[in-house]
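The values are calculated or read from the model by the stated rules, or taken from the named source; none is laboratory data. As the structure is a prediction and not an experimental result, all values here were calculated from the model. All Cβ positions, even for glycine, are placed from backbone atoms using ideal geometry, and neighbour counts span all protein chains on display.
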């Protein structure tokens, strides 16, 4: 490929934002072994499997930004083979679905997946023990993920999704969490939500970002727009068997 240097290159940083590069870019290119940061925003990348192959000889690569492309991942293409050095990966504003969690670098720490088509996180995903920061904003997730598979997670951004009944298990399983941003979701103000609201009240006030102003009831209609912190429902009406 014309972009691959013929001699071993000393480049540490390359930015090719807003070009027309396709999935063939940098394939089988072994002269960029010193490259640490590669930015390919706003190109014509379509296949995440091929993106992973592109990195395999970039032995120093730590940060890869392929946001604003048309990336999808089809498991039938085979297993992804990322270079093991990547710790920061920006996949935001693509066409990725739940399967993306099966195609991630092995030592990833910071992962940006906002503005994709993710509905849920597969339960049997493995290999994400190093992940510390996860941005899932502007997807279609209906639930807060637990930290069973993300044992090191400290920052979760999941605002602008479809979370109506967040589970309190989140706070129990995510012991290392320092920041949760989950506002602007269609919260269903019901008896079940009381436990979540109580849990928020028990953690330090700066841990839940945007609280209270970004957390409002969406339905039932009679509570629409009510801040979660002001939502009251009597013990009696919740305990009816």
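Can you tell me which of 115, 19, 43, 28 is under 26 Å from residue 151 (Cα atoms) and either part of a loop (DSSP other than H, G, I, E, B) or in contact with a strand residue (DSSP E or B) (Cβ under 7 Å, 6 or more places away or on another chain) (or both)?
Exactly one of 115, 19, 43, 28 is under 26 Å from residue 151 (Cα atoms) and either part of a loop (DSSP other than H, G, I, E, B) or in contact with a strand residue (DSSP E or B) (Cβ under 7 Å, 6 or more places away or on another chain) (or both), namely 115.
For region 156-170, how many residues are closer than 18 Å to residue 231 by Cβ and more than 18 Å from the chain's Cα centre (by Cα)?
So the count comes out to 4.
Select, from 46, 12, the only residue that is surrounded by fewer than 18 Cβ atoms within 10 Å (Cβ to Cβ), within 27 Å of the chain's Cα centre (by Cα), at pLDDT 95 or above and closer than 27 Å to residue 76 by Cβ.
46
Which one of 135, 90, 79 is modelled with pLDDT under 95 and surrounded by fewer than 22 Cβ atoms within 10 Å (Cβ to Cβ)?
79
When only residues in region 50-76 that are touching a helix residue (DSSP H, G or I) at 6+ places or on another chain (Cβ under 9 Å) and either over 16 Å from residue 23 (Cα atoms) or surrounded by fewer than 20 Cβ atoms within 10 Å (Cβ to Cβ) (or both) count, which is modelled with the lowest pLDDT?
Of everything passing the filter in region 50-76, 75 is modelled with the lowest pLDDT.
Those residues that are within 13 Å of the chain's Cα centre (by Cα) and in a loop (DSSP other than H, G, I, E, B), I need them from region 79-94; list them, please.
Residues of region 79-94 within 13 Å of the chain's Cα centre (by Cα): 88-94.
Scanning region 79-94 gives 91, 92, 93, 94.
When region 96-107 is examined, which residues are found to be within 20 Å of residue 157 (Cβ to Cβ) and surrounded by fewer than 20 Cβ atoms within 10 Å (Cβ to Cβ)?
97, 98, listed by residue number.
Pick from 170, 231, 196: which is surrounded by 14 or more Cβ atoms within 10 Å (Cβ to Cβ) and touching a residue at least 40 places away in the same chain (Cβ under 8 Å)?
After ruling out the rest, the residue left standing is 231.
Can you confirm whether region 208-224 contains a residue that is modelled with pLDDT of 90 or more, in contact with a strand residue (DSSP E or B) (Cβ under 8 Å, 6 or more places away or on another chain), over 28 Å from residue 115 (Cβ atoms) and surrounded by 14 or more Cβ atoms within 10 Å (Cβ to Cβ)?
Within region 208-224, one or more residues are modelled with pLDDT of 90 or more, in contact with a strand residue (DSSP E or B) (Cβ under 8 Å, 6 or more places away or on another chain), over 28 Å from residue 115 (Cβ atoms) and surrounded by 14 or more Cβ atoms within 10 Å (Cβ to Cβ).
Return a yes/no flag: does region 151-169 have any residue that is at pLDDT below 95 and under 16 Å from residue 52 (Cβ atoms).
no
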